Structures are given as structure tokens and as C-alpha cells.
1. Against the globular-protein guess of 2.2 N^0.38 Å, express the Cα radius of gyration of region 205-312 as a ratio, rounded to two decimals.
2. Using only Cα atoms, figure out Rg for the chain and give it as a multiple of 2.2 N^0.38 Å.
3. Tell me whether region 245-358 comes out rounded, prolate or oblate; compute the Cα gyration tensor, take square roots of the eigenvalues as a ≥ b ≥ c, and use a/c under 1.5 as the rounded threshold.
4. In terms of the ratio Rg/(2.2 N^0.38 Å) built on C-alpha atoms, what value belongs to region 106-214?
5. When you take every Cα atom in region 1-154, what is the radius of gyration, and what is Dmax, the widest Cα pair distance, in Å?
6. Let me make sure I get this right: for region 32-103, a, b and c are the square roots of the gyration tensor eigenvalues over alpha carbons, sorted descending. Under 1.5 in a/c it's rounded, otherwise prolate if a/b > b/c, else oblate. Which is it?
7. Considering only Cα-Cα distances, which of the following residue pairs are longer than 22 Å: LYS386/LYS413; LYS21/LYS413; LYS151/LYS417; LYS21/LYS196?
8. State whether region 140-191 is rounded, prolate or oblate according to the following rule on the C-alpha gyration tensor (a ≥ b ≥ c being the square roots of its eigenvalues): a/c under 1.5 gives rounded; otherwise a/b larger than b/c gives prolate, and the remaining case gives oblate.
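What follows draws every value from the coordinates through simple rules; no lab data is involved. Keep in mind it's a predicted model, so treat the numbers as computed, not measured.
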Amino acid sequence: MNFYSLNKKAPNVSFADAVVKGIAPDRGLYFPESITPLSASFFKEIENLSNEEIALTAIRQFVNDAIPEEKLKIILAEVLDFNFPVVELEENIATLELFHGPTMAFKDVGARFMARCLGHFSEGNDNEVTVLVATSGDTGGAVANGFLGVKGVNVVILYPSGKVSDIQEKQLTTLGQNITALEVDGTFDDCQRMVKTAFLDQDLLDAMQLTSANSINVARWLPQLFYFLFAYKQAKSKGKEIVFSIPSGNFGNVCAGMMAQQLGMPVKHFVASTNVNDIVPNYMQTGTYNPKPSIATISNAMDVGDPSNFIRIRHIYKDNFELLTENLSSYSFTDEETKEAMLSIHKNCSYVADPHGAVGYLGLKKYQEENPNTYGIFLETAHPVKFLDVVVDTLDTTLEIPAQIKKVMDKEKKSLKISSYDELKGYLLKE
Ligand SMILES: *Cc1c(COP(=O)(O)O)cnc(C)c1O
């Protein structure tokens, strides 16, 4: 099975090429040529399968013969070596905790999977691959951690100066080795634009093999569909129709959930919950897609003004607006509403939600006002400790710092400041 470009002006490529290229030469995102639903018995017996077995069955057709099955099993075992619990908070409301990995945000799975795939494809290859990635907060840390020490791969992370949390910054600037952090005087959108420009820059393309580790890369994006299967496995016995609310920024995670649905997983509806960066909620209201400069919020990993995966979502539902609205609702919430939700979750459920999870909770509540008899799962996409200041101020509580966070907190930040695309290009060509 191959991947085609959503812009339809580039050749179809194998999984390996899609991963190494990141984005197609016509700037389109890659999408699988076909999606074969998994068997009914897979879903019937899912609670008897291990997470690794579920993941292997789900990803096999996309990876195809690019990685031998035995190697793929080893990769999945390494990538999925932590838990993904569904924790019930209220009647018909649960959270899927995706923050038990090494950098405590959901991006660990995609970043680790991609790193190992790329490591496999670079074996016996003399040409180094340069991974160029823009981060709104958590991608940087997950990618730095996932790719640290991978032979044949250099990683360059662009992050917006002063717009990521202290812990997020430490996670992406302190590792060294094959990881470099570029601190950009600008917003996440500026970082993302520089990365996209680099992929089109013939001077760079002639000089190096560049790829992206954002969720535009199929090896970052597709493994996220595991989460929804793991949640389904745990919530199925409730016997109710399941609704997922996904705190969304670049819309890779919700789009991965839709791939699980394409594989045959029963799901009633998706809710894409956003902060005031409300491009998709507006689209769902008006049918007009209007990107805007991103606005800084307390759920900073979702401060995205032109979500790159939304094009894949439209494609999944055949660019049919009605079909899309049957499967997706999208709501936007302010920082004030988010803090109130954090407070009420803490007070009523004795649970500490991070600002992103709280946005997911709000979206779910809103959807359930009109669809009460559903089982709602909102994704807790990061551990609250990653947003220590906001959480501590809002809840007037203290948080214990987990070991994997303590480890980076007293390390020294190392970054290179840049303020223009030319500086990025200069840096890459000098390497
Ligand atoms: C990246 C991120 C999101 C947004 O995920 P997308 O796939 O870009 O929509 C939400 N919450 C947290 C904590 C994140 O790190």
C-alpha cells in the first residue's frame, strides 16, 4: 500500500518514502491509498488483546513491507512501554490519560515511533537525515526525547521564544547530542511557516535530506490512532455509544481518531475542542475556512492559526460538509472558561486537569447537553505539571514533580536565537 499527496500533483510513494520526505514535493500531505477495515472479531475481542497486539494489527497495513514484522513488533514494544488508562470522573464522563510517557504529553508515542522508523530506514545509509520541526510546546520535547542518539538523524527544533512553558522549554533545549533548539523571535505560526518554506527551498533540498516530525509526517500521525483503540478496549463494556472530545491545535490527534473509525471502530461522534484559536469551530459554523494569526493562550500547545491536518479531515469525509458535521462538532473556549473548568473538575471530581484537558472536558460537556446518553471520553493530552504555573495559580494547590520532569529541570538551557528564515537557512547550510 502506498501514499498519495492530497494535492494530487506528485507521485505515490511507499511508507518509507513518505516518512523520509515528510511532505510531498507538491506540498501536499500524504494520505494512505486505501484503508482496509479491521475484522469484526478484532473489535469483538479487543479486550483480550494486549496494546502491542492491537497496535500491530492497526498499523500493519500502513507500514506494509517497509519494516519487517519482527522489527515492527520490537519498535511497538519500545514505543508503548507505558499505560493509557481511561479514568472515570463523573457518570458518562471519563478521561483518557495520554501523559504517562517520558515527556508527559501524548506526542511521545508518535515521536518515538517516527524516530525508530527513521532509524530503521537510515541503517546502512551514509546520508544523514535532518529532521526539522516546529513546536507550539510539546512536540519539541517529545521529538528531542524520541530522537536522542538515533544514528544518522539530526534534529533541529524551532520554538517560539517566550511562548512555551518553562518545563517544555527545558525538555527541548537541554538534551544536546544530535538535537539543536532554535529559539525563534515570533509565534508558532512563524516557526511553522519557516519549516514549510525550508521544505520548498531548492538550495536546501540539494544540500540535505530534510524531513518533518510534525503530525504532517505519517509516522507521527498514524500511531496516534492507537489511543482511540486503547480507549475503546477499556470503555466498550459500558455498552454505550462513545464520543471522543479531543483538545485540538494542529488537528492531528482528532484526525488519527477518525482513522480508527475508518478502521471500523464504533464511535458515535468526535468533538474537536479548541481554545480561542477557533478556525475550525468557525468553519463548522460557516463552511468557510479562514486561517488567522495564532493567539497566545494558557493551553499553548493548541495555539495554532492554520491547523495543518484539517485538510486530511476534510478528505476523510470526502469534502462533504454534511458528512463531516455528522461526525464532528467543534467548539472554542476562552482561558477564563478553561480555568473555571479546571476548578470545577478539581472541586467535584478531585482531579487535576491540565488546561488542554480542561478544554476537552468543556467541549464534551457542551456536546452532551444535547446528546446526554453517550459515554464521553476527553483526552488528557499532557500532565498538569507541564503547565505548573497556571495549574498552581488556578487551583491553589501544589503538584508533585514526577521524576522524568525533575531530571530536566536543573539542566542548562542551550538554544540559538533566530529571527528570520535566512538565519534558519544559514544555520542549516553551515551544518
Ligand atoms: C500538541 C498538543 C495538542 C494538540 O494536538 P493536535 O494533534 O495538534 O491537534 C493538545 N494538547 C497538548 C498537550 C499538546 O501537546
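1. Numbers: Rg = 15.7 Å, N = 108, 2.2 N^0.38 = 13.0 Å.
So the Cα radius of gyration is 1.20 times the expected 2.2 N^0.38 Å.
2. After normalising by residue count via 2.2 N^0.38 Å, the value is 0.91.
3. Working: a/c = 2.19, a/b = 1.39, b/c = 1.57.
Oblate is the answer for region 245-358, as a/c is 1.5 or above yet b/c matches or exceeds a/b.
4. Working: Rg = 13.2 Å, N = 109, 2.2 N^0.38 = 13.1 Å.
For region 106-214, the normalised Cα radius of gyration is 1.01.
5. Considering region 1-154 through its Cα atoms, Rg and Dmax are 17.1, 56 Å.
6. Here region 32-103 falls in the oblate category.
7. Over 22 Å Cα-Cα: LYS21/LYS413; LYS151/LYS417.
8. prolate
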